[in-house]
Amino acid sequence: MAEKKKIGILGASGYTGAELVRLLLRHPRVEIVVLTADRRAGQLMGDVFPQFAPYDLPRLMTIDAVDWAKAKLDLVFCALPHATTQKVLKDLLAKAPETKVVDLSADFRLEDPASYAKWYGHDHHALELQREAVYGLSEIYRRDIRKARLVANPGCYTTCAQLPLIPLLKAKAIESDEIVVDAKSGMTGAGRSAKEEMLFSEVSEGFHAYGVGQHRHMSELDQEFSKAAGKEVVVSFTPHLVPMNRGIFSTIYVRGRRGKTAQDLHDILVKQYEKEPFVYVLPFGKMPQSRHVRGSNMTFIGVTADRIAGRAIIISTLDNLSKGASGQAVQNMNIMLGFNEGAGTDQPAMFP
């Protein structure tokens, strides 16, 4: 049996860190040897997330305590907050240049430094790594991911919208200036840190929009849609918070270009994804539900005609912690290390 690859997870005490552990525990080709969580340093993973108590996992430690050269990690998942990753990865890759990285923050997703500074409020502090990073939308950039040392894992909202729309923009099948993305997220998208606005009594029995007209994921959508369309695209995108634990549910409104019908759009997506293990296009007119992808690495896509002539409605849904974050990160790891792409991520959804 082949020797297992050594894996580290930075920021293991957050939701995406825990999801990475859950997926990697059943991966046949890897071994988790480093787990970091600065505020939880010294504790066991089972102390932070009791579901992991029965498993033999390394004790949590601070990032500063990791000897990158000595650890000889094959790949590191970086699940740290935005803006903290740049310094950590500069240090890691300077001391262990052979280590591969999948970064789950937004720090390396944007190609234009000026765009990053505009949306994140400060200059980028690792420009040489930003230029090297490959955007990690697995189904679209698989060839580049295979050769990459640093992969910038996409955001959950953006993955959910890009998978149905990028093929349609590349095919010039929709009007690029008439895209509306109305998206909803579960609570785990806000992270695990205590926040007053995330208390149960603040969010239960309600539904609200946030980041209206100014959400940071707009820059990521614009970048990838513009590349697909071959011209500048500015998308209308509004996120909403829904009182459920997991899930992204996007209702997308588009207009067909040059007489393209909703059926034509559906046919393009079926052809694009018919051999992809983690994207499923439902029969025309059928709509997915978020519960049908919960806990899985799947994206379900439905297409139907709007009653307005020439327009179509596309519904896309995924689990924000899996395909929207950690599941796609493991999928990218598999591509980077030459493993079966479904290893560790091929379980069906948890329903009911």
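Nothing in this text is a laboratory measurement; each read-out follows from the coordinates by a stated rule. Keep in mind the model is a prediction, meaning the values are calculated, not measured. As a convention, Cβ positions derive from the backbone with ideal geometry for all residues, glycine included, and neighbour counts pool all protein chains shown.
Miscellaneous remarks
- Whether the chain is rounded, prolate or oblate, judged on the alpha carbon gyration tensor where a/c under 1.5 counts as rounded: prolate
- Residue exposure sequence - E276, E341, E205 - by fewest surrounding Cβ within 10 Å: E205, E276, E341
- Segment 204-274 and segment 112-182: distance between their alpha carbon centers, rounded to Å: 13 Å
- Restricting the calculation to alpha carbons of segment 293-347 gives Rg and Dmax of 15.1, 47 angstrom.
- Residues whose amide H comes within less than 5 Å of that of K100, counting only those at least five positions distant or on another chain, are L75, V76 (H built at 1.01 Å from N in the peptide plane).
- Eigenvalues of the alpha-carbon gyration tensor of segment 146-186, scaled by 5 and square-rooted, set the equivalent ellipsoid semi-axes at 23, 17, 7 angstrom, largest first.
- As a rough footprinting exposure proxy, the listed residues H122, H217, H82 were ranked by other beta carbons within 10 Å of their own, and the order from fewest upward is H122, H82, H217.
- Computed over every Cα-Cα pair of segment 5-132 and binned at 5 Å starting from 0, the pair-distance distribution P(r) comes out as 2, 11, 21, 22, 18, 13, 7, 4, 1, 0 percent.
- Counting every alpha-carbon pair across segment 206-352, the share separated by more than 24 Å comes to 40%.
- 3J(HN,Hα) along segment 64-77, derived from phi through the Karplus expression 6.51 cos²θ - 1.76 cosθ + 1.60 where θ = phi - 60°, amounts to 4, 7, 7, 8, 4, 5, 6, 5, 6, 6, 6, 8, 10, 9 Hz, with x in place of Gly and Pro.
- Rounded to 10°, Cα long-axis angle of helix 217-229 versus longest principal axis of the chain: 60 degrees
- Proximity of backbone amide H atoms, modeled 1.01 Å from N, is registered between M61 and L35, T36, A37, G42 at under 5 Å, excluding neighbours fewer than 5 places apart on the same chain.
- Maximal additional length on extending the D306-A53 stretch stands at 86.1 nm, based on 0.36 nm per residue less the C-alpha distance.
- As a rough guide to protection, the peptides 48-56, 171-179, 67-75, 145-153 ranked by mean Cβ packing within 10 Å, highest first, stand as 145-153, 171-179, 67-75, 48-56.
- Evaluating 6.51 cos²θ - 1.76 cosθ + 1.60 at θ = phi - 60° for every residue in segment 277-290, the Karplus couplings come out as x, 10, 10, 10, 9, 5, x, 3, x, 8, 10, x, 10, 4 Hz, glycine and proline recorded as x.
- Efficiency of FRET from Cβ geometry, K118 and E205, R₀ 45 Å, rounded to 0.05: 0.80
- Added length on full extension, which subtracts the Cα-Cα distance from 0.36 nm per residue, E276 to A41: 80.7 nm
- Seen through its C-alpha gyration tensor, with square-root eigenvalues sorted a ≥ b ≥ c, segment 89-169 comes out oblate because a/c lies at 1.5 or above while a/b is not bigger than b/c.
- With contacts taken as Cα pairs under 8 Å at a separation of at least 6 residues, segment 5-132 carries a relative contact order of 23 percent.
- When each of K172/K271; K184/K271; K6/K95; K170/K231; K72/K323 is checked by Cα-Cα distance, pairs over 19 Å: K184/K271; K72/K323
- Extension gain for the segment V212 to M350, taken as residue separation times 0.36 nm less the Cα-Cα distance, is 46.5 nm to one decimal.
- Residue order, fewest to most surrounding Cβ atoms within 10 angstrom, among L60, L165: L60, L165
- Which of G213, C78, Y120, positive extreme of dipole for the chain (C-beta unit charges): C78
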